[in-house]
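A.B. asks: Dropping the structure in here first, questions after.
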Amino acid sequence: MESFEGKVAAVTGAGSGIGRALARELARRGSHLALCDIDEHGLAETVALCEGSGVKVTSQRVDVADRAAVEAWADHVVAEHGRVNLVVNNAGVALAAPIETMSYDDFEWLMNINFWGVVHGTKAFLPHLVAAGDGHIVNVSSVFGLISVPNQSAYNAAKFAVRAFTDALRMELDAARNGVSATTVHPGGVKTNIARNARMAVAVVGRDASDFDKIAITTPEKAARQILAAVQKNKRRLLIGVDAKFIDLASRMPPGLYQSVLARGARLQLRRANR
């Protein structure tokens, strides 16, 4: 996809953060929009920001963890817009908890959104992209899909799974030569609301959104521009931020090197929490 002019883009998690920034940037570039989020208020704000750009904007409240809802939304998008060319599976949540005390309910909540939401969006829209003969799927993983971190086991599991799933998808699309491609995105620290909306276990309380804000060095707008540039270049993988490049380098080192450092940090955090 060398240009987004006149194309139709579907974006999940469009009510804030990277999803909202993508919607605004795509509208600026002349792409028609199909937006969804579980946050109806945030979604309405995004729609208002995109209207007046001369493009068609539709929106719908969708829980990406609900396969039937995502499938119905995909059919609705094509019915409303006639086709779809770009799908960005961006919706996500965060959970900080040690494995020993993490509840199954919290683990399933995160996996249903962060992993199954990506699967639902990919499978629901893929036949429509193939039918259009010109399409691209962007699946948002994380730097935590490159390395594992204490108290982030569920998030790590989901984001590693997104990475593996999309790598396999990209190879299948390369083999099929059906006009559709895929990119995995690994953002580093991006200034979004994900930390503020995270589920946080008592054992890791003390690490709040303000801590995340200090290390979030990339704006959603910059991330959106990089994602669209990656689509235009048909990149297999995109690292967003200097921190993401550093973490990617760390992931290529012997595991004992970076894991021992992170384990020491987790030990210090436990000591502070137990004072």
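The values are calculated or read from the model by the stated rules, or taken from the named source; none is laboratory data. Note that the structure is a prediction, hence the values are computed from the model and not measured. FYI the Cβ positions are ideal-geometry reconstructions off the backbone, even for glycines, and counts take in every protein chain you see.
A.B. asks: So, in the stretch 147-168, how many residues would count as being hydrophobic (A, V, I, L, M, F, W, C), closer than 19 Å to Ile113 by Cα and surrounded by fewer than 23 Cβ atoms within 10 Å (Cβ to Cβ)?
C.D. replies: Step one: list which residues in the stretch 147-168 are hydrophobic (A, V, I, L, M, F, W, C), which gives 147, 149, 154, 157-158, 160-162, 164-165, 168.
Filter once more, keeping what is closer than 19 Å to Ile113 by Cα: 154, 157-158, 160-162, 164-165.
Next cut, surrounded by fewer than 23 Cβ atoms within 10 Å (Cβ to Cβ) only: 157, 160-161, 164-165.
Qualifying residue count for the region: 5.
A.B. asks: Do we find that Val93 is modelled with pLDDT of 95 or more, of a type in the set (A, V, I, L, M), farther than 19 Å from Ser16 by Cα and not in a helix (DSSP H, G or I) in this structure? Reasoning before the result, please.
C.D. replies: Working: modelled with pLDDT of 95 or more: yes; of a type in the set (A, V, I, L, M): yes; farther than 19 Å from Ser16 by Cα: no; not in a helix (DSSP H, G or I): yes.
Answer is no for this residue.
A.B. asks: Under 8 Å between Cβ atoms, at least 6 apart or on separate chains: pull out the pairs that start in the stretch 123-138 with a residue that is in a strand (DSSP E or B) and end on any residue that is modelled with pLDDT under 95.
C.D. replies: Partner pairs satisfying both residue conditions: Gly135/Met1; His136/Met1.
A.B. asks: If I ask for residues that are surrounded by fewer than 21 Cβ atoms within 10 Å (Cβ to Cβ) and either touching a helix residue (DSSP H, G or I) at 6+ places or on another chain (Cβ under 8 Å) or closer than 30 Å to Arg177 by Cα (or both), which ones from the stretch 102-111 would you list? Write out each step before concluding.
C.D. replies: Step one: list which residues in the stretch 102-111 are surrounded by fewer than 21 Cβ atoms within 10 Å (Cβ to Cβ), which gives 102-109, 111.
Correct list: Met102, Asp106, Phe107, Met111.
A.B. asks: Just one of Glu45, Glu2, Glu25, Glu40 is at pLDDT below 95 and either out of contact with any helix residue (DSSP H, G or I) (no Cβ under 9 Å at 6 or more places or on another chain) or acidic (Asp, Glu) (or both); which is it? Can you show your working first?
C.D. replies: Working: Glu45 fails: at pLDDT below 95; Glu25 fails: at pLDDT below 95; Glu40 fails: at pLDDT below 95.
Just a single option satisfies the conditions, and that option is Glu2.
A.B. asks: Please go through the stretch 43-96 and pick out each residue that is crowded, with 18+ Cβ neighbours inside 10 Å, touching a residue at least 40 places away in the same chain (Cβ under 8 Å), touching a His at 6+ places or on another chain (Cβ under 8 Å) and not small (Gly, Ala, Ser).
C.D. replies: Across the stretch 43-96, the qualifying residues are Val64, Val70, Val77, Val78, His81, Val84, Asn85, Leu86, Val87.
A.B. asks: Could you figure out which of (1) buried (at least 18 other Cβ atoms within 10 Å of the Cβ); (2) more than 20 Å from the chain's Cα centre (by Cα); (3) among the β-branched types (Val, Ile, Thr) isn't true of Ile99?
C.D. replies: (1)
A.B. asks: Looking at this structure, is Val185 hydrophobic (A, V, I, L, M, F, W, C), under 23 Å from Asn90 (Cβ atoms) and modelled with pLDDT under 95?
C.D. replies: Answer is no for this residue.
A.B. asks: Next question. So for the stretch 223-235 (the condition being among the hydrophobic types (A, V, I, L, M, F, W, C), closer than 26 Å to Gly15 by Cβ, at pLDDT 90 or above and outside any helix (DSSP H, G or I)), does at least one residue qualify?
C.D. replies: The answer is no; no qualifying residue exists.
A.B. asks: Mind listing whichever residues of the stretch 13-38 are crowded, with 18+ Cβ neighbours inside 10 Å, without any contact (Cβ under 8 Å) to a residue 40 or more places away in the chain and either within 19 Å of Ala229 (Cβ to Cβ) or among the charged types (D, E, K, R) (or both)?
C.D. replies: Those that are crowded, with 18+ Cβ neighbours inside 10 Å, without any contact (Cβ under 8 Å) to a residue 40 or more places away in the chain and either within 19 Å of Ala229 (Cβ to Cβ) or among the charged types (D, E, K, R) (or both): Ala23, Ala27, Leu33.
A.B. asks: Which one of the conditions (1) over 26 Å from Asp106 (Cα atoms); (2) part of a helix (DSSP H, G or I) does Gly54 fail to meet, given that it meets all the rest?
C.D. replies: Going through the list (1) over 26 Å from Asp106 (Cα atoms); (2) part of a helix (DSSP H, G or I), Gly54 breaks only (2).
A.B. asks: Same structure again: Can you tell me which residue within the stretch 133-146, out of those that are surrounded by 19 or more Cβ atoms within 10 Å (Cβ to Cβ) and among the small types (Gly, Ala, Ser), is nearest to the chain's Cα centre (by Cα)?
C.D. replies: Here is the first cut: in the stretch 133-146, the residues surrounded by 19 or more Cβ atoms within 10 Å (Cβ to Cβ) are 135-146.
Keeping just the survivors that are among the small types (Gly, Ala, Ser) gives 135, 141-142, 145.
Details: Gly135: 18, Ser141: 6, Ser142: 7, Gly145: 11 Å.
Checking each candidate, the answer is Ser141.
A.B. asks: Shifting gears a bit: Given the options Ala72, Ala27, name the one that is out of contact with any Phe, Trp or Tyr (no Cβ under 6 Å at 6 or more places or on another chain), assigned to a helix (DSSP H, G or I) and within 19 Å of Val119 (Cβ to Cβ). Show your work before the answer.
C.D. replies: On the way: Ala27 fails: within 19 Å of Val119 (Cβ to Cβ).
Just one listed residue meets the conditions, Ala72.
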